[in-house]
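Peer 1: My questions will all concern the structure given below.
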Amino acid sequence: MKKILILSVMVLLGCVTVSNAQIQEGNFMIGSDFGSGLINPGNNSILGLNFGLNDGAGYNLGLSPKVGYFVRDNFMLGAVANIGFTKSPESSGSTETTVYGFQALSRYYLSPGEKGVDNLLKHGRFFVEANAGIAGVNVAGGATTNGFAFGVGPGYSYFITNNVALETNLKYNGLVGGGNTTYQNALGLNFGVQVFIPSSRAKELRDNPDMR
């Protein structure tokens with residue numbers, strides 16, 4: 001039984017390899033990170049989703065939907081929205097934090113061996129991502145900033161199928177603007193799921209609405 005299990009895992013991993021097919025010019029990417037993707041003083045959940053089960057325990061919600069288009073092989077341009085709301089436990093004063101934003105997004109995937117980087121696994125790729133745009137973090141009775149947001153950092157895509165990837169990225173996020181706090185910054189670890197759609201498939205969906 002153990003040998004069968006090991007063989008099954010090896011076959012599965014062997015069927016999922018990353019080639020230029022997923023990240024080549026003309027393809028699309030759509031998905032979301034879990035978490036607002038911005039500075040959030042009230043966020044104590046690494047995944048951006050946290051629900052307290054006890055009365056007054058508080059909760060945290062956050063999503064960062066992303067969409068992008070590969071303008072050339074390995075290089076994508078797109079946009080990301082930032083949505084988040086946190087209510088801290090009543091025992092700590094029940095502070096409410098609202099996060100919003102809309103930013104331009106760029107991403108570059110490193111080829112195996114490029115810049116001396118080893119991509120670890122055949123079904124994974126390192127990338128560098130950057131974003132910039134408008135956003136705001138508003139804490140009721142606390143630090144509030146609305147204005148220009150930016151972020152940059154490395155990430156890793158692990159392809160569980162030929163077109164679906166689980167991702168993680170470590171980013172430095174900054175927010176500068178008006179409010180009672182003019183600048184906020186933090187280092188954030190995000191997780192997400194992205195779907196890569198070949199240009200041929202996108203054309204089929206566009207030309208044949210019944211396929212959607």
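Peer 1: Determine the gain in length on full extension of the stretch residue 85-residue 108; use 0.36 nm per residue of separation and subtract their C-alpha separation, reporting nm with one decimal. Intermediate values should be presented prior to the final figure.
Peer 2: Values: separation 23, 0.36 × 23 = 8.28 nm, distance 2.99 nm.
Working it through step by step, the gained length comes to 5.3 nm.
Peer 1: Could I ask something else about it? Provide, for q = 0.14, 0.15, 0.31 Å⁻¹, the log10 of I(q)/I(0) from a solvent-free Debye sum over equal Cα point scatterers in region 131-170.
Peer 2: Relative scattering, expressed as log10 I(q)/I(0), comes to -0.55, -0.60, -0.96.
Peer 1: Kindly state, to the nearest 0.05, the FRET efficiency for residue 115 paired with residue 138, given R0 = 45 Å and r defined as their beta-carbon distance.
Peer 2: Working: r = 39 Å, r/R0 = 0.87.
Once the sixth-power term is evaluated, E becomes 0.70.
Peer 1: So between residue 69 and residue 176, what do we pick up on full extension, going 0.36 nm a residue minus the alpha carbon distance? Before the final figure, lay out the partial values.
Peer 2: Values: separation 107, 0.36 × 107 = 38.52 nm, distance 2.80 nm.
Roughly 35.7 nm would be gained on extension.
Peer 1: Residues in region 107-131 near a label at residue 21, defined as backbone nitrogen under 20 Å from the 7 Å Cα→Cβ point?
Peer 2: Residues 109-112, 121-126 qualify, since their backbone N sits under 20 Å from the label point.
Peer 1: How do 33, 118 rank by accessible surface area computed with a 1.4 Å probe, from largest to smallest?
Peer 2: Values: 33 5, 118 110 Å².
Largest accessible area first, the residues go 118, 33.
Peer 1: As a test question: what accessible area, to the nearest 10 Å², does residue 170 have when a 1.4 Å probe is rolled over all protein chains in place?
Peer 2: 80 Å²
Peer 1: At residue 30 and residue 197, where each label point lies 7 Å from the Cα along Cα→Cβ, what is the point-to-point distance in nanometres?
Peer 2: 0.3 nm
Peer 1: While we're here: Taking only protein heavy atoms and a 1.4 Å probe, what accessible area per residue, in Å², does region 75-146 have with all protein chains in place?
Peer 2: Numbers: 3300 Å² over 72 residues.
Accessible area per residue, region 75-146: 46 Å².
Peer 1: Next question, about the same structure. Rounded to the nearest 0.05, what FRET efficiency is calculated for residue 161 and residue 186 with R0 set to 35 Å and r the Cβ-Cβ distance? Before the final figure, lay out the partial values.
Peer 2: Values: r = 33 Å, r/R0 = 0.94.
After rounding to 0.05, the efficiency reads 0.60.
The values are calculated or read from the model by the stated rules, or taken from the named source; none is laboratory data. For clarity, every value in this text was computed on a predicted model and none was experimentally measured. For neighbour counting, all protein chains shown are included, and Cβ atoms are generated from backbone atoms with ideal geometry for every residue, glycine included. Accessible surface areas use protein heavy atoms only, side chains included; no ligands, DNA or RNA. Shrake-Rupley method; radii C 1.70, N 1.55, O 1.52, S 1.80 Å.
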